[in-house]
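Note sheet for the following structure.
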Amino acid sequence: MKFNVTRRDVLRFAGGAAIGTALSPMPWNLTDDLAIWTQNWSWIPKPPKGERATRTTVCALCPAGCPVEARCIGGLPVALRAANDGAALCPLGMTGHHLPHHPNRLTGAVGITRGERRPAAVTTDMVVRETARAIRSARAGAGSVVVLDTRPGRSGSWAWRRLLAGIDSAVVAAAPGLEGASLASLDTMLDARSQSFGLDLRNARTILSFGAPVAEGWGQLDLAAARESVRLVQVEPMRSRTAESADRWLPARPGTEAAVALAIANVLLAEGLVDTTALSGTDEFDSYLSVIAGFSPDRAAAIAGLAPDEIFATARELASSGPSIVVAGEQPGGGPLGRPAETAIFGLNLLLGNVDREGGIVGRTPLPAPGDDAPLTPLARLDEIPDHSVALVIIDASAGDGVYPWSLVARKLSPKGSLVVALSPFLSGSAARANFAVPTPPYLETIHELPTSFAEPVASIALSAPLLPTRSGAVDPVAFMRSIARAAGLDLAGEWATTESLIRERVARIHRAGSGTVTSPADGSATLVAELSTSDELWDALLAGGRWSAAPSNTMPPRTMRITGGLGTALGELPTRATATPRPTGTLTLVPRATRDTSASAAVSPVLTKLYQESGLRGSTGTAVLNPRTAASLGFAAGRNVRLLTAAGAMRVALMLDEGVMPGVVEIVVAPERSALGEKTAPGARTVLDLLTPGNEQTWSAVDAQLLEG
Amino acid sequence: MDSSLILRGVRRCSTKRFLAWLAPWAVMAGIGVFAIGLCLVKGLNQTNMDNRFAFGLWIFLDLAVIALGAGAFFTGFLLYILRRDELRAVINSAVVLGFICYSGAVLVLAVDVGQPLRAWFTFWHPNVHSMLTEVTFCITVYLTVLAIEYLPIVLKNRQLRKVPSFLVFEGELHKLMPVLAAVGTFLSFFHQGSLGGLYGVLQGRPFAFRDGFAIWPTTFFLFILSAIATGPAFVLLTTSIVSKISGARLVRHGVYELLAKISGWLLIIYVGLKSVDTIVWLNQTAPRSGINPSQFYAWQPFGTWVLIVEIVLLGLVPALIFMSPARRRSLPWLLTGSVLACLGVALNRLVMTIQTLAVPTLKFEPFMTYWPSWQEVATFLFVIAYGVILYSLSFRYLRLFPQEREMQKY
Amino acid sequence: MESAETTRARFAMVIDLDRCNGCGACATACAVENNVPPARPSANERTGLTWQRVYRASNGRQFPENRSVYFPVSCQQCEHPPCVSVCPQNAVDVSPETGVVSQIPVRCLGCRYCMTACPYHARYFNWFDPKWPDGMETTLNPDVSVRMRGVVEKCNFCHSRWQAAKAKAAAAGKRDLDPADYVPACVEACPEKAIVFGNLDDPRSGVAKSAKSANAFRLLEKLGTEPKVFYRSDRAWVRRLADADVAVQEKEATRG
């Protein structure tokens, strides 16, 4: 047989094949597969799978300690929200579960050399040896030893004081600019120990705040909820969130807060609105009166750029709707207002009789210490330490960080040689400025302690329970102290070897004392400590998110009142910036502007780029904001890059214009640095805060600055 | 060297000179290929487009070249359907130009979309209500039509003609031309219009939104009209540029005059309708959307001058030049008119693409400006280089201008 | 998918601008809930992904009379969405069950036509590959899949939470969702309780009442898009910011 294949046959075969294939499922399946393939790339991250559960802890990212409910998948947290009904977490708290995965988390000890792009890996043992050597040379007279505590009041804070008790030159100081730091001025005025006062904000009827971010959760006050019961007067140069939500806003020029406070005192006294019998007998009252006399409302109003009526009205409100609380400074990123201003402001509390009064400033018994009454290193303020005198600085940033200009610490260092060692989970913030950084476990990987905050009328404590295993490489701060004690030959008695065992000691002591209650976050139910049979029960209740609070103490010893805080007539000396008018041409006042939530942590979730980088909501760090009129008078336009010049140096900044900025003022955004948001940058790079050289009074809330082309 | 490929009876430069001419364009295309590679591999973050300027230089390029490429279909329409035989002199060139414009546009679109591998989803899950679906369908089909129209021109090459079956095939294709021209015309009318509709339907963008007839906003018709008005001008312009560069007379002046006359009449109609549309839009459509039309022109550099330049300088002026028989006799005037008309259609597409997106809608959003990145510019230049190279090859080896051989005699 | 048929609803929210103080908790909660990746170093406010974006606006007056208002703007879930009809491949869809405009990222080609169509700038394009720092993928929400580079995404009123609520209702044999079970992340996260969420078709719901209150308004109402995100403010100057008739901001942002 013979096949005769013609061209036509070939064509027919091809055509039939095509039709047949088209009718089969094959091409359509292939198309679908192709579609699916283009929709699934292997490198797109896949969300985790696993069993769902809900766990409770307490946020340790700022001193407020909000109860947190964590949604977990396979035991790992994927979402955090407030555990108590009706409450909400701030952006920092909501993203806290990202922090253990922060790109700038320390995985091992590092040595940092300024100017080097990457830190050098070292062993923790080496850091211990170097620290011990520095301690020995300090004891030999090379200088003093300072522990900078970024979360004072913890058991760990106490352990530092125990560790260094044998060293004469050692002190433990709170890091500058922490929340509640201004209360140290009040301690001086009332001759009281640190932490022996709390602000009873929730029961106050009027709050007069000189720059404190009351609307941002400062003092754990839920201003939205307290709206009906609290009247808020804000004295602040910036149109901050608090200023805008205040019932009255006094936009005083930067640095004139003391003048406003003294003028309010002037009105209170002149109009006989306060009872001064308790004060009239005290030593300093006469010099106070002579200072006050110099601050008539008219003069203060002229200095501060306010209407005198505002000062009169504020004074009368304070006197008529008590109890009131007057608070100083505490602007996040802006640091304290300085002792004279703080004293002038807190003096109003003494005049108004706000001390030891419900809804005012109340005395409280301190939280029990974790150990016995063995000698402790004294507490000091960083500004009290002489410049160029410190041989060793240990920064304990294991539980948080503060926002402050590094020059505050740098100026204390001995020129003959010094060592700065930091304990921190992250290579950012304070730790990036140290010579050595030792990794500590971050929030959610270890127990963190939330001791009494400055805004609590009674002593309290909460514990942040870990939800994740501690990653290898992380060093427990107390274990680190033990190593130093061994290496430096210091005596550190006690059984405790880790932070957890130390906190257990404290909890055991609370249980032994048998007073106070534990409040559960979920339903607000309170249990008396006396009803708990063992300290383990108290421990478990705290780890489940509970907060222990001491019973209110009703009797307070009589106070010695020093209304000028020992400053005498120096109280009335204002910064020259505040009084010198007119300002030299082209000189602006530089004011740092920050939000409260993120200023408590050296690292924040990279997702917060939504607020700082991907939207204009908060502005990226280093943005300078000017009133358009000021900008026009200087010849600058928005979007331009300009150089910002202060006594501490110059920096290129982006310029933004905003009618809400006080004329003559340049607000500089102090926000998480790029490294804090997760970008890998050289450690210890200069930040905008470095432009804000603090004066002798440790305040950087306002400095002189100039703006230059390009 | 390549003389055996070159058409008999026409003068072409030496191979060396030709390669020297191509070299810079090839470099430009090479840079463009690199830029395109970056965009495809690293993603569109290589561009300066953003969430506000979701469309940028590339979409402007697509719209502009498709408008200019309208010369292809419109010349075909005039020649095969309306039987204006004079235009046989430029039809081949117009087809090549059209092919370059459309293939360039499709290529850039493929880079412009975020997931080019899913481009075919438009055919798989088409949304028939979208102007973009219509554009995608029409452009794809029309590009095929252009390719088929291009084919006989290629097959007429001196060497390819030697293959008998090619000659037969070419002959068959030739018979198809009127059909293809009709199909092309139909498709082109639709997608030119749909490209205008793309903007006209944006009810959320008062700057672009227009009232219209049935489902078609006025921009639908204005885009068709502006495209067919400038298409002939673009053919005129390119023909005279090629003539200048190659030093060869390619067509009789009468062809230029005819193209100009057609362009002129269409332009004047366009300018009239565009003016009416602008008046209605500024006084009725935009205010109804809650926007004060003065705001459209409140942000520099988009002042009212843009509108005046677009309609008067780049619309009315070339129309008047083209309509005057005296001016039409002068080649410099014709060139001036063509350049103005082509710039006019490009400006119109630029305004519709960029200004639409720049004008803020939310009062608390700032006015923003956009400037393309080098990758976008390089991709843009790639299309131009690709066009020049393809056209140069076609001009050298194919018979783009049937009158050229006779013209040599003069 | 269509197994448990629930009652049809039109979900909506009312945002009280007099309560909002611009803290950004909603924007943060949204990113965490919906697995929106953090910004690449080169991203900025024009190339970022912010399904819920908080804009600051002011009354335009000089210091100290200048006052702020914060507009949290997400997809406005229009009744007449300008973005749906423009999509060439049906990647934008309105759910008849919820009234929510949803984006189908796996079908999206990335042509961005919908973005040019949206007057609220509520749609965002993935200019970059989504990338979390090493290990942070374990913190992703398992109920929301991650989108890829080159596609458009936007708010969908936390669609996964609606599905969970629907599943819960179905398991309990109910046709109606318990309103407490379906609350988008931003609503839950707002410390000022400025956002009320619910079913507009349910006359008893808080959202239906607030949306009808005297000082409620919507953005760019004259465009006829009929958004289902309402705002309210007792301040007249704030309400005036909703229309596009007068230019307030003279700011210019140049890039490139």
Can you name every residue in region A:97-113 that is at the interface with chain C (Cβ under 10 Å from one of its Cβ atoms) and either open to solvent by 20 Å² or more (accessible area, probe 1.4 Å) or not in a loop (DSSP other than H, G, I, E, B) (or both)? A:HIS97, A:HIS98, A:LEU99, A:PRO100, A:HIS101, A:PRO103, A:ARG105
Could you grab the pairs with beta carbons closer than 7 Å, sequence gap of 6+ or different chains, first residue in region B:303-317 and closer than 19 Å to B:THR353 by Cα, second one open to solvent by 20 Å² or more (accessible area, probe 1.4 Å) and at pLDDT 95 or above? B:VAL309/B:LEU347; B:GLU310/B:LEU347; B:ILE311/B:SER275; B:LEU314/B:LEU340; B:LEU314/B:LEU343; B:LEU314/B:LEU347; B:GLY315/B:TYR270
Would you kindly identify the strands (runs of 3 or more DSSP E) lying entirely within region A:229-341 that contain at least 3 residues that are of a type in the set (Val, Ile, Thr)? A:324-328
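Only one of A:ALA265, A:ALA246, A:ALA270 is open to solvent by less than 10 Å² (accessible area, probe 1.4 Å) and at pLDDT 90 or above. Can you tell me which? Lay out the reasoning, then the answer.
Numbers: A:ALA246 fails: open to solvent by less than 10 Å² (accessible area, probe 1.4 Å); A:ALA270 fails: open to solvent by less than 10 Å² (accessible area, probe 1.4 Å).
When all the criteria are applied, what remains is A:ALA265.
Evaluate the following for B:LEU258: is it open to solvent by less than 50 Å² (accessible area, probe 1.4 Å), in contact with an Asp or Glu (Cβ under 6 Å, 6 or more places away or on another chain) and of a type outside the set (S, T, N, Q)?
Values: open to solvent by less than 50 Å² (accessible area, probe 1.4 Å): yes; in contact with an Asp or Glu (Cβ under 6 Å, 6 or more places away or on another chain): yes; of a type outside the set (S, T, N, Q): yes.
Yes.
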Please indicate, with yes or no, whether at least one residue in region B:143-164 is of a type in the set (Phe, Trp, Tyr) and free of Cβ contacts under 8 Å to residues at least 40 places away in the same chain. no
Identify, please: which residue in region A:494-530 is closer than 28 Å to A:ALA82 by Cα and acidic (Asp, Glu) and is, among those, surrounded by the most Cβ atoms within 10 Å (Cβ to Cβ)? A:GLU500
Six or more apart or on different chains, Cβ atoms under 7 Å: show the pairs whose first residue is in region A:39-62 and without any contact (Cβ under 8 Å) to a residue 12 or more places away in the chain and more than 8 Å from every other protein chain (Cβ to nearest Cβ) and whose second is among the acidic types (Asp, Glu) and open to solvent by less than 30 Å² (accessible area, probe 1.4 Å). none
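Identify all residues within region A:495-538 that are in contact (Cβ under 8 Å) with a residue 60 or more places away in the chain and in a helix (DSSP H, G or I); write none if there are none. Steps first, please.
The first filter runs over region A:495-538 and keeps only residues in contact (Cβ under 8 Å) with a residue 60 or more places away in the chain, leaving A:496, A:499, A:502-503, A:505-506, A:509-510, A:513, A:521-522, A:524.
Residues satisfying the conditions are A:THR499, A:LEU502, A:ILE503, A:GLU505, A:ARG506, A:ARG509, A:ILE510, A:ALA513.
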Identify the residue in region A:186-227 that is at pLDDT below 90, assigned to a loop (DSSP other than H, G, I, E, B) and on the phi > 0 side of the Ramachandran plot and, among all such residues, is nearest to the chain's Cα centre (by Cα). A:GLY217
Hey, could you check region B:70-119 for residues that are in contact with a Lys or Arg (Cβ under 9 Å, 6 or more places away or on another chain) and within 30 Å of B:THR47 (Cα to Cα) and say which is farthest from the other protein chains (Cβ to nearest Cβ)? B:ASP112
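Say whether the condition of being hydroxyl-bearing (Ser, Thr, Tyr), more than 7 Å from every other protein chain (Cβ to nearest Cβ), crowded, with 19+ Cβ neighbours inside 10 Å and touching a helix residue (DSSP H, G or I) at 6+ places or on another chain (Cβ under 7 Å) is met by at least one residue in region C:88-98.
The first filter runs over region C:88-98 and keeps only residues hydroxyl-bearing (Ser, Thr, Tyr), leaving C:95, C:98.
Checking which are more than 7 Å from every other protein chain (Cβ to nearest Cβ) leaves us with C:95, C:98.
Now drop any that are not crowded, with 19+ Cβ neighbours inside 10 Å, which leaves C:98.
Those still in the list that are touching a helix residue (DSSP H, G or I) at 6+ places or on another chain (Cβ under 7 Å) too: C:98.
Within region C:88-98 (the criterion being hydroxyl-bearing (Ser, Thr, Tyr), more than 7 Å from every other protein chain (Cβ to nearest Cβ), crowded, with 19+ Cβ neighbours inside 10 Å and touching a helix residue (DSSP H, G or I) at 6+ places or on another chain (Cβ under 7 Å)), the answer is yes, since at least one residue qualifies.
Evaluate the following for B:LEU176: is it within 17 Å of B:ARG88 (Cα to Cα), open to solvent by 50 Å² or more (accessible area, probe 1.4 Å) and more than 19 Å from the chain's Cα centre (by Cα)? Break it down stepwise before answering.
Details: within 17 Å of B:ARG88 (Cα to Cα): yes; open to solvent by 50 Å² or more (accessible area, probe 1.4 Å): yes; more than 19 Å from the chain's Cα centre (by Cα): yes.
In short, yes.
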Exception for B:GLY212 within (1) open to solvent by less than 40 Å² (accessible area, probe 1.4 Å); (2) touching a Phe, Trp or Tyr at 6+ places or on another chain (Cβ under 7 Å) falls at (1)
Selection from region A:66-85 of residues open to solvent by 10 Å² or more (accessible area, probe 1.4 Å), among the small types (Gly, Ala, Ser) and more than 8 Å from chain C (Cβ to nearest Cβ) yields A:GLY74, A:GLY75, A:ALA82, A:ALA83
Matching residues in region B:375-410 - criterion: being over 30 Å from B:GLY37 (Cα atoms) and either touching a strand residue (DSSP E or B) at 6+ places or on another chain (Cβ under 6 Å) or open to solvent by 20 Å² or more (accessible area, probe 1.4 Å) (or both): B:TYR397, B:ARG399, B:PRO402, B:GLN403, B:ARG405, B:GLU406, B:GLN408, B:LYS409, B:TYR410
For A:THR609: the one exception among (1) hydroxyl-bearing (Ser, Thr, Tyr); (2) crowded, with 21+ Cβ neighbours inside 10 Å; (3) in a loop (DSSP other than H, G, I, E, B): (3)
Kindly provide the set of residues from region B:264-305 that are open to solvent by 70 Å² or more (accessible area, probe 1.4 Å) and within 23 Å of B:GLY231 (Cα to Cα), ordered by number. B:TRP265, B:ILE269, B:LEU273, B:VAL276
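Across region A:371-398, what is the total count of residues that are part of a loop (DSSP other than H, G, I, E, B) and not acidic (Asp, Glu)?
Step one: of region A:371-398, the residues part of a loop (DSSP other than H, G, I, E, B) are A:371-378, A:381, A:385-389, A:397-398.
Those left that are additionally not acidic (Asp, Glu): A:371, A:374-378, A:381, A:385-386, A:388-389, A:397-398.
Selection size over region A:371-398: 13.
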In region C:142-156, which residues are closer than 14 Å to C:CYS186 by Cβ and polar (S, T, N, Q)? C:ASN156
(1) over 24 Å from the mean Cα position of the chain (by Cα); (2) within 28 Å of A:GLU342 (Cα to Cα); (3) open to solvent by 10 Å² or more (accessible area, probe 1.4 Å); (4) of a type outside the set (A, V, I, L, M, F, W, C): which one isn't true of A:ARG643, the others all being true? (2)
Failed criterion for B:LEU331 (all others in (1) modelled with pLDDT under 95; (2) within 23 Å of the chain's Cα centre (by Cα); (3) within 11 Å of chain C (Cβ to nearest Cβ); (4) open to solvent by 20 Å² or more (accessible area, probe 1.4 Å) hold): (3)
List the number of the failed condition for C:TYR182; all other conditions in (1) within 14 Å of chain B (Cβ to nearest Cβ); (2) in contact with a Lys or Arg (Cβ under 7 Å, 6 or more places away or on another chain) hold. (1)
Could you tell me which of the residues A:LEU148, A:LEU92 is part of a strand (DSSP E or B), surrounded by 18 or more Cβ atoms within 10 Å (Cβ to Cβ) and touching an Asp or Glu at 6+ places or on another chain (Cβ under 8 Å)? A:LEU148
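Out of the helices (runs of 4 or more DSSP H) lying entirely within region B:67-125, which hold 2 or more residues that are closer than 30 Å to B:PRO372 by Cα and of a type in the set (Ser, Thr, Tyr)? Steps first, answer last, please.
Values: elements: B:70-76, B:88-112, B:121-124.
Of the helices (runs of 4 or more DSSP H) lying wholly inside region B:67-125, those with at least 2 residues that are closer than 30 Å to B:PRO372 by Cα and of a type in the set (Ser, Thr, Tyr) span B:88-112.
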Residues being without any contact (Cβ under 8 Å) to a residue 60 or more places away in the chain and touching an Asp or Glu at 6+ places or on another chain (Cβ under 8 Å): count how many of those fall in region A:598-628. 6
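The values are calculated or read from the model by the stated rules, or taken from the named source; none is laboratory data. Fair warning: this is a prediction, and the values are worked out from it, not measured in the lab. No Cβ is skipped: glycine too gets one built from the backbone with ideal geometry, and neighbour counts run over all protein chains shown. The accessibility values were calculated without ligands, DNA or RNA, using every heavy atom of the protein model including side chains. Shrake-Rupley method; radii C 1.70, N 1.55, O 1.52, S 1.80 Å.
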